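S.K.: Below you will find the structure I want to go over with you.
Computed from the coordinates by the stated procedures, all read-outs in this text should not be read as laboratory data. Model, not experiment: these values are computed from the prediction. Backbone-built Cβ (ideal geometry, glycine too); neighbour counts: all protein chains shown.
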Amino acid sequence: MFDPVEKLKEFVRHPSVSTDSKYREGMRGAQEFVSGLLRSLEFVVEVVKTDLHPIILAQRAGEPNWPHVIIYGHYDVQPPDPLNLWQTPPFEPVERDGRLWGRGAADNKGPLMAHITAVGRLLEKNPRLPLRISFLIEGEEETGSPSFLPFLARHRHRLKADLVFLSDTGLPREDQPVVTCGLRGLVLCDVEATGAKSDLHSGLHGGVLRNPIQALAELCASLHMPDGRVNLPGFYDDVLEVEPWEREELRQLGQKEEAYREFLGIPAFHVPPGYTPFEAIRFLPTLEFNGIGGGYQGEGTKTVIPSKAFVKISCRLVPNQTPAKIRAVLSAAIRDRMPHDVSFRIIDQHEGTPYTVVPPDRSNTPKGQAPLLAKAFRAVDAAAVEVFGRRPLYLREGGSVPIIADIKRVLGIDSILLGLSLPEDNLHAPNESFNLRVMQRGSAVSEKVLSALACG
Ligand code: BES
Ligand code: MN
């Protein structure tokens, strides 16, 4: 068997930033690394071309009557910028304080390596294990997975499976395992406002036209109520009511508001009425401004009325909101509320449907769930108790992994998400790292679960 930590270092060394074409080499390196590793475990590996970055589909030969598990992961990472804030270079992995530091160590290379390690160990002990396993590892997750839906549709016949198993979500502490039972969805767009046909001297022309920055500021200010709720008609209509057991699971986490406030470094929370901050993250939809710009950004001053300004908006959706409806109400509000004396353009970006899966003992009617799913939930429970010393909490998550809902819609398969990234792992931020004890525990849980799912 390979050494998982050494393999993870090798993986992190490939700078696989999917959003930036200057990292094309790194993308290919990471793809070839994973493909090679899976071939060494005797998987039949196919590298499926897409318009952008290929998808790795690796399957283990087996009998058609064996249970079939798909393990999902992504080999792409977020850009490392801003580079000057890294203590060690992002693509030169360093092991320190029981962690591996580097871009992608936690999102998603380390968690993926935990599952690959589990499969390697399991098959080494039992080469004839009666379980079909397919790895489905994409390279576009951090850009909204544009190639994934067409891929699913085209290869659905080879992807008939009982469940998807993955780790691309979080846990609160290294001794508290979590099974993620819900993910938020997303709707993103940009609004670009244009005033005069070129930048203007603000003395010669100031006072006769609306500045496009002001127009966007007025729009943005209209999108929330003073109490923090999103101010779009019908926005909350389809929000799934929170079940008492969900609030109770969250309460058992025992998080302290004051500690969280300090962790964020904010003077006060701003949360819609009726929810704690911890509930708001997991149970409520949001509208956020991810970027705003226009006009002079350099040192000193410049007396200018810019011709153009832009804002980047994203909504996080919760079950059972749909991207189509939320995009429609958002676009309608933008068109209604933008002042008529500037022109503007809405540029739709990607989107993702929210997801929930109800654990077997929490619902009387787990409609349409595969029988093996309940077995897998119970296997995760038992494995977590053995490995972490505690049963997992079932929590919805604030982040998004949009392909999970796509898989459910296209293939009808539910996912079990074993959270493996910690709050201090700095996902998407400088100084990302992955806790190697969590990696070890994660792969031990994965190994036990896969072994329990094998037939017989
Ligand atoms: N793995 C993350 C999502 C995540 C992290 C969920 C931690 C829960 C806990 C994933 O790679 C990610 O960052 N997703 C993006 C969406 C994507 C479409 C760009 C997100 O949530 O912003
Ligand atoms: Mn991820």
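S.K.: Taking the Cβ of Lys9 as the center, what net charge do the other residues with Cβ under 11 Å away carry, scoring Lys and Arg +1 and Asp and Glu -1?
M.R.: After counting each charged neighbour, the total is -2.
S.K.: Still on this structure, I have one more. Given the Cα atoms of the chain, and with Rh set as the inverse mean 1/r over their pairs in the Kirkwood sense, what is Rg to Rh to two decimals?
M.R.: 0.99
S.K.: Looking at region 288-323, which trypsin sites (Lys or Arg not before Pro) are DSSP coil and have at most 12 other C-beta atoms within 10 Å of their C-beta?
M.R.: Passing sites in region 288-323 are Lys302.
S.K.: Through the Karplus equation 6.51 cos²θ - 1.76 cosθ + 1.60, θ set to phi - 60°, convert the phi angles of region 150-157 into ³J(HN,Hα) values in whole Hz; use x for Gly and Pro.
M.R.: So the J values, rounded to whole Hz, are x, 4, 4, 4, 6, 10, 4, 5.
S.K.: Compute the distance from the alpha-carbon center of region 329-348 to that of region 177-202, in whole Å.
M.R.: About 13 Å separates the Cα centre of region 329-348 from the one of region 177-202.
S.K.: Ok, one more. As a check on your grasp of the helix formula, calculate [θ] at 222 nm for the chain: sum -39500 (n - 2.57) over DSSP H runs of n ≥ 4, divide by the residue count, round to the nearest 500.
M.R.: -10000 deg cm²/dmol
S.K.: Something else about it: Which distance in Å, rounded to a whole number, links the C-alpha centroids of region 387-456 and region 112-161?
M.R.: A separation of 14 Å, based on Cα centres.
S.K.: If you take the square roots of the eigenvalues of the alpha-carbon gyration tensor of region 146-210 and sort them as a ≥ b ≥ c, do you get rounded (a/c under 1.5), prolate (a/b over b/c) or oblate?
M.R.: Note, shape of region 146-210 comes out oblate.
S.K.: Let me know the shape class of region 295-435, please: from the alpha-carbon gyration tensor, a ≥ b ≥ c as square roots of the eigenvalues, rounded when a/c is under 1.5, otherwise prolate if a/b is greater than b/c, or oblate.
M.R.: oblate
S.K.: Going through region 122-219, which GluC sites (Glu not before Pro) have at most 16 other Cβ atoms within 10 Å and a DSSP loop state?
M.R.: Here the sparse-neighbourhood loop sites are Glu174.
S.K.: Here's a follow-up. If you take the alpha carbon radius of gyration of region 26-129 and divide it by 2.2 N^0.38 Å, what ratio comes out, to two decimals?
M.R.: Expressed relative to 2.2 N^0.38 Å, the Cα Rg reads 1.25.
S.K.: Take Val304, project a point 7 Å from its Cα along the Cβ direction, then tell me which residues of region 170-210 have their backbone nitrogen under 14 Å from it.
M.R.: 195-203, by backbone N distance to the label point.
S.K.: Suppose R0 equals 60 Å. What FRET efficiency, 1/(1 + (r/R0)^6) with r the Cβ-Cβ distance, do Val44 and Thr194 give to the nearest 0.05?
M.R.: So the FRET efficiency works out to roughly 0.65.
S.K.: Nearest-5 percent of antiparallel DSSP beta bridges in the chain?
M.R.: Percentage antiparallel, nearest 5: 70.
S.K.: Given 0.36 nm per residue, what is the gain on full extension from His270 to Gln440 after removing their alpha carbon distance, in nm?
M.R.: Here the segment from His270 to Gln440 would lengthen by 57.4 nm.
S.K.: Can you work out ³J(HN,Hα) from phi for every residue in region 432-437, in order, using Karplus 6.51 cos²θ - 1.76 cosθ + 1.60 and θ = phi - 60°, giving whole Hz and x for Gly and Pro?
M.R.: The phi angles translate into 5, 8, 10, 6, 6, 5 Hz.
S.K.: Quick one: net charge of Gly182's neighbours, Cβ under 14 Å, K/R +1, D/E -1?
M.R.: Net charge in that neighbourhood comes out at -1.
S.K.: Just to confirm a number: summing +1 for Lys and Arg and -1 for Asp and Glu over residues other than Ser331 whose beta-carbon lies under 14 angstrom from that of Ser331, what do you get?
M.R.: Around Ser331, the surrounding residues sum to 0.
S.K.: Of all DSSP beta bridges in region 62-204, what percent run antiparallel (nearest 5)?
M.R.: Percent antiparallel among DSSP bridges in region 62-204 is about 25.
S.K.: Between rounded, prolate and oblate, where does region 362-448 land on the alpha carbon gyration tensor, with a ≥ b ≥ c its root eigenvalues, rounded for a/c under 1.5, else prolate if a/b exceeds b/c?
M.R.: Oblate, because a/c is 1.5 or more while a/b does not exceed b/c.
S.K.: Rounded to the nearest 0.05, what FRET efficiency do Ser343 and Arg158 have when you use their Cβ-Cβ distance and R0 = 35 Å?
M.R.: 0.10
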